[in-house]
Amino acid sequence: MSEKDNQSMHWADIMADKIIREKGDKPRYTCASGITPSGTVHIGNFREIITVELVARALREKGKDVRFIYSWDDYDVFRKVPKNMPEPELLEKYLRYPITLVPDTTGRAENYARGNEVAVENDLPKVGVFPEYIYQAERYRTNVYAEEIRKALSMREEIREILNQYRTEPLADDWWPVAVFSSFTNKDNTKVIAWDGEYGLTYRDLDLDKEETIDIRTTPNTKLPWRVDWPMRWAYEGVDFEPGGKDHLTEGGSYDTAKSVVKLFGAEAPVTMRYDFIKLKGKGGKISSSGGEVADLSDVLEIYPPEIVRYLFVGTRPSAEFAISFDLDVLKIYEDYDNTERIYFGLIQTNEKKKEKESRIYELSQVDDKAIPSEPGYQIPFRHLCNYLQIYAGDQDKVIERLDGITESQEKRLRVRMSCAWAWLDKYAPEEFRFSLSSEDCMYKATESEAKAIREFASYVDEHLDALSEKEFSEYIYKCAADNGMENPDFFRLIYQVLINKEKGPKLAGFLKACGSEKVLEILRRY
RNA sequence: GGGCCGCUAGCUCAGCUGGUAGAGCAACGCCCUUUUAAGGCGUGGGUCACAGGUCCGAAUCCUGUGCGGCUCACCA
């Protein structure tokens with residue numbers, strides 16, 4: 001590979017090369033990601049998933065077989081009731097339970113953890129992400145990790161030493177590298193008292209002050225604490241790559257200690273990369289959990305088509321923080337994506353370096369790398385599309401009818417885009433941006449002289465709108481104002497009032513043409 | 001206290017394995033005597049936080065300083 005190629009490489013390709021370099025040339029690589037579904041899995045968590053997906057795709061394109069596993073850490077403790085969950089007082093009673101044993105008050109699934117999981121599992125295929133899901137609650141509760149737990153117990157002192165390196169307070173003398181959910185209460189308010197050197201573990205339930213001895217080969221109650229659990233799973237699955245947030249990948253963070261602990265399990269740490277958090281812009285705090293506003297993948301998919309959702313992440317270095325916008329920036333995002341697409345299809349000339357870079361971003365943004373579009377999308381600015389949609393009150397078929405020379409594949413993509421645009425107009429667009437054509441039951445009350453001007457204007461529209469250009473027709477707007485003794489601003493205001501019940505609107509001449517004389521006349525002739 | 005990140009045009013940011021700065025928005029002007037957050041063309045605007053260093057050459061690499069932020073040191 002030449003140096004030149006390297007310069008224009010995408011971060012996912014660079015990471016794939018790094019994995020191959022550090023892990024050796026293997027026929028198959030295991031890429032992992034995971035999270036505790038202790039609340040809504042938000043778009044920040046999605047960044048880790050899409051990061052793995054992009055690296056996995058880059059590896060596959062280099063001819064490697066890739067296993068992409070996604071670990072749901074649903075045997076973690078329920079510590080806090082998120083603010084966006086229904087029936088908080090019921091959930092309150094289940095604090096300190098494993099989240100898999102907490103009821104789902106949203107009615108989405110059989111338990112709390114599962115409810116948060118299904119939301120994500122339903123949306124990931126839409127953006128072309130198909131991991132193999134691993135459910136840690138099931139793994140632990142069916143004793144899949146019994147040997148690993150026994151190993152951890154036997155390496156108690158070595159593990160303690162590693163963890164103590166970064167702690168302000170050393171772990172207590174009676175600390176054990178295992179957590180126990182009480183079989184009496186399901187809560188983790190327990191303390192390990194003894195281990196028989198094999199599979200027998202004795203713990204005390206601190207709430208009830210009762211003791212019990214369990215067999216880690218048969219009990220569903222044990223689990224490893226995070227800093228031991230993570231490296232254990234690296235070893236168990238043979239993980240080659242797993243990214244992490246900056247909370248994990250800081251000195252003394254869990255990646256650091258796990259890197260040492262994993263050796264005790266006879267394996268090496270995976271290649272990693274750090275990703276930064278995602279901010280939100282213009283969401284207006286509609287959904288709130290633990291204080292801040294939250295958006296999940298489905299919120300983003302509502303206003304951006306899948307390939308643009310991917311584009312947001314593909315085009316940004318993972319180490320950089322960025323904001324996902326719900327406000328007017330949405331327009332720019334669509335324009336940026338379309339621009340990248342035009343570069344890919346050679347509709348815009350750029351230098352070779354930029355073309356390579358943008359083209360790679362375009363490819364990686366596509367949901368299915370086996371089905372990259374063979375032609376660019378229908379060229380219509382997002383703003384324009386929003387106005388057409390509003391003229392036709394969201395009727396996609398009518399908008400399509402107005403567009404010349406649209407192909408089948410373009411129509412398919414445009415319909416997705418229209419759904420997003422419509423959702424955006426409805427939920428997030430600023431008021432000035434929105435309008436709807438007046439209906440008969442909410443007519444502007446015109447004075448007699450205004451009505452006369454409107455009727456005259458209607459005749460101009462009837463005679464000239466279709467035949468003349470936007471600019472040429474403008475003359476008639478001014479002429480009509482003058483003929484009726486009105487100041488221009490007043491006349492424009494009048495027409496906007498009549499058409500859309502607002503004082504202002506899109507640039508009038510162009511707007512009239514976009515509406516078409518038929519629709520305009522239908523409204524004007526009510527006067 | 002440790003670690004990390006950021007500091008580039010009024011705003012939001014791109015550019016970063018070095019070759020005398022870019023985009024969008026905002027501003028201003030013109031097309032059009034003329035409403036407009038839907039048009040077109042154009043203009044202005046930055047000692048790239050600061051100080052050193054390496055280099056023919058630094059926004060880009062190194063060192064230090066300042067300011068802002070995040071994170072670990074509890075749990076996951």
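Accessible surface calculations at 1.4 Å, restricted to protein heavy atoms, place chain A at 47 Å² per residue.
Across segment A:440-524, counting alpha-carbon atoms alone, Rg and Dmax equal 11.6, 33 Å. Restricting to chain A, compute how many DSSP beta bridges are antiparallel as a %, nearest 5. Of the beta bridges lying entirely in chain A, close to 45 percent run antiparallel. Using the Cβ-Cβ distance between A:SER183 and A:ASN84 with R0 set to 25 Å, the FRET efficiency works out to roughly 0.20.
One Cα centroid belongs to segment A:363-385, the other to segment A:258-275; the line between them spans 39 Å. Over chain A, Cα pairs under 8 Å with separation of 6+ residues give a relative contact order of 12 percent.
The chymotrypsin sites (Phe, Trp or Tyr not before Pro) found in segment A:111-195 that occupy coil by DSSP, while having at most 16 further C-beta atoms within 10 Å, are A:TYR166, A:TRP175, A:PHE184. The trypsin sites (Lys or Arg not before Pro) of segment A:194-278 that meet both conditions, a loop assignment by DSSP and at most 15 other Cβ atoms within 10 Å of the site Cβ, are A:ARG217, A:LYS246. Segment A:394-473 to segment A:311-343: how many Å between their Cα centroids? Segment A:394-473 and segment A:311-343 have Cα centres separated by 28 Å.
Projecting the Cα atoms of A:GLN497, A:SER469, A:ILE400 onto the charge dipole of segment A:388-527, computed from C-beta unit charges around the Cα centre, puts A:ILE400 farthest toward the positive end. Distance between the modelled labels on A:GLU110 and A:GLU522, one decimal in nanometres: 5.3 nm (7 Å Cα→Cβ projection). Here r is the Cβ-Cβ distance between A:LYS332 and A:LYS210 and R0 is 51 Å; the resulting FRET efficiency, rounded to 0.05, is 0.25.
Whole-Hz Karplus values for segment A:503-511 come out as 7, 10, x, x, 2, 4, 4, x, 5 Hz, taken residue by residue from phi with 6.51 cos²θ - 1.76 cosθ + 1.60 and θ = phi - 60°; glycine and proline positions read x.
Summarising the label geometry, the points placed 7 Å from Cα in the beta-carbon direction at A:PHE433 and A:ARG60 lie 3.4 nm from one another. Karplus-based coupling profile of segment A:17-27, in residue order and whole Hz: 4, 5, 5, 5, 5, 7, 9, x, 7, 9, x, with θ = phi - 60° in 6.51 cos²θ - 1.76 cosθ + 1.60 and x standing for Gly or Pro. Consider a paramagnetic label point 7 Å from the Cα of A:HIS464 along Cα→Cβ; state which residues of segment A:472-515 have an amide N under 12 Å from it. Once the point is set 7 Å along Cα→Cβ of A:HIS464, A:472-483 turn out to lie under 12 Å by backbone N, inside segment A:472-515. What pairs from A:LYS126/A:LYS507; A:LYS223/A:LYS281; A:LYS479/A:LYS507; A:LYS64/A:LYS357 go past 27 Å between their alpha carbons? Over 27 Å apart, Cα to Cα: A:LYS126/A:LYS507; A:LYS223/A:LYS281. The length gained on full extension between A:LEU403 and A:ARG28, counted as 0.36 nm times the residue separation minus their Cα-Cα distance, comes to 130.2 nm. For the Cα trace of chain A, dividing Rg by the Kirkwood Rh returns an Rg/Rh value of 1.11.
Kindly state, to the nearest 0.05, the FRET efficiency for A:GLU268 paired with A:ILE380, given R0 = 56 Å and r defined as their beta-carbon distance. E between A:GLU268 and A:ILE380, to the nearest 0.05, is 0.60.
DSSP loop (so not H, G, I, E, B), at most 15 other Cβ within 10 Å: list which trypsin sites (Lys or Arg not before Pro) in segment A:404-437 pass both filters. Hits after loop and neighbour filter: A:ARG434. Taking amide hydrogens as placed 1.01 Å from N in the peptide plane, the amide H of A:TYR29 sits under 5 Å from those of A:ASP65, A:VAL66, A:ARG67, each at least 5 positions away in sequence or on another chain.
Distances between placed amide hydrogens fall under 5 Å for A:GLU211 paired with A:ASP205, all partners being 5 or more residues away or on another chain.
Using a simple spin-label model with pseudo-atoms 7 Å out from Cα toward Cβ, A:ASP276 and A:ARG493 lie 4.7 nm apart.
With the charge dipole of chain A set up from +1 on Lys and Arg Cβ and -1 on Asp and Glu Cβ about the Cα centre, the Cα lying farthest toward the positive end among the listed residues A:ALA109, A:LEU163, A:LEU385 is that of A:LEU163. For chain A, a crude dipole built from +1 on the beta carbon of Lys and Arg and -1 on the beta carbon of Asp and Glu, taken about the Cα centre, is about 540 debye to the nearest 20.
The values are calculated or read from the model by the stated rules, or taken from the named source; none is laboratory data. Keep in mind the model is a prediction, meaning the values are calculated, not measured. For neighbour counting, all protein chains shown are included, and Cβ atoms are generated from backbone atoms with ideal geometry for every residue, glycine included. Note: accessible area is taken over every heavy atom of the protein model, side chains too, but ligands, DNA and RNA are not part of it. Shrake-Rupley method; radii C 1.70, N 1.55, O 1.52, S 1.80 Å.
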